[in-house]
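Remarks on the structure that follows.
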Amino acid sequence: MPQTRPRVVLLDRDGTLNEEVHYLARPDQLVLIPGAVAGLRRLRDLGLTLVVVTNQSGLERGYFSNADLEAIHRRLIDMLAAEGIVLAGIFVCPHGPDSDCECRKPKPGLVDAARHALGFDPAEAFMIGDKQSDLDLGLAVGALPILVRTGYGLETESAGAAGAAFVASDLLQASAFIAGRLEREKPRGTAAP
Ligand SMILES: [Mg+2]
Ligand SMILES: [Zn+2]
């Protein structure tokens, strides 16, 4: 098979994959949102590579440690692996809003790091999240921004959801939207392989 560049879905974590918890600090607080697993499975079956990009300012604020975050992500990886879903990476900004870092969403640093690690074109990617900063990140890197109404999504929608290509009830509906986009990208008049 020819080596092809991965096509990536950039996923926010809190409020998109797992239920929003104010500064989620322990693995046992991790609860997957209904529809998240089915949505991720659909994205996987479309041949897409799944990458998490998440702001975790609770690290800099001292609300939890790096070891706590590793345990949380280990549990997330295990819960998804049990469903046959593999994350290609979890990219974290540990900084607070005043640190002027280059990686806190909507700044593009996390996507730059993911791109260097995985070799994909952000302009062909999708960005799914529940906050305006997720949509703005998508716009900043040329990815197609999709809002989910889970987590803070309803508030984001009420505030205008600027730049959203689609507003989905959850990750499952977002995955159906992406499936439709990919279907329309196929050249016409050619048989499926
Ligand atoms: Mg979120
Ligand atoms: Zn940062």
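No value in this document is a laboratory result; all are computed from the given coordinates. All figures in this text were calculated on a predicted structure; none of them were measured in a lab. Positions of Cβ are backbone-derived with ideal geometry, glycine not excepted, and every protein chain shown enters the neighbour counts.
One table, with the values for the structure above:
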quantity: Fewest-first ranking of 79, 127, using other Cβ atoms within 10 Å as the exposure measure; calculated: 79, 127
quantity: Calculated P(r) tail over 12 Å for region 28-77, as whole % of Cα pairs; calculated: 72 percent
quantity: Residue among 162, 36, 140 with the largest mean-square fluctuation in a Gaussian network model of the chain, springs linking Cα atoms under 10 Å; calculated: 162
quantity: Relative compactness, region 82-193, computed as alpha-carbon Rg over 2.2 N^0.38 Å; calculated: 1.17
quantity: Charge context of residue 36, other residues only, Cβ under 10 angstrom, K/R +1, D/E -1; calculated: -2
quantity: Whole-angstrom gap from region 117-168 to region 34-69, using each part's C-alpha centre; calculated: 14 Å
quantity: Summed side-chain charge close to residue 129 - residues other than residue 129 whose Cβ falls under 15 Å, Lys, Arg +1, Asp, Glu -1; calculated: -4
quantity: Alpha carbon Rg of the chain, scaled by the compact-globule rule 2.2 N^0.38 Å; calculated: 0.99
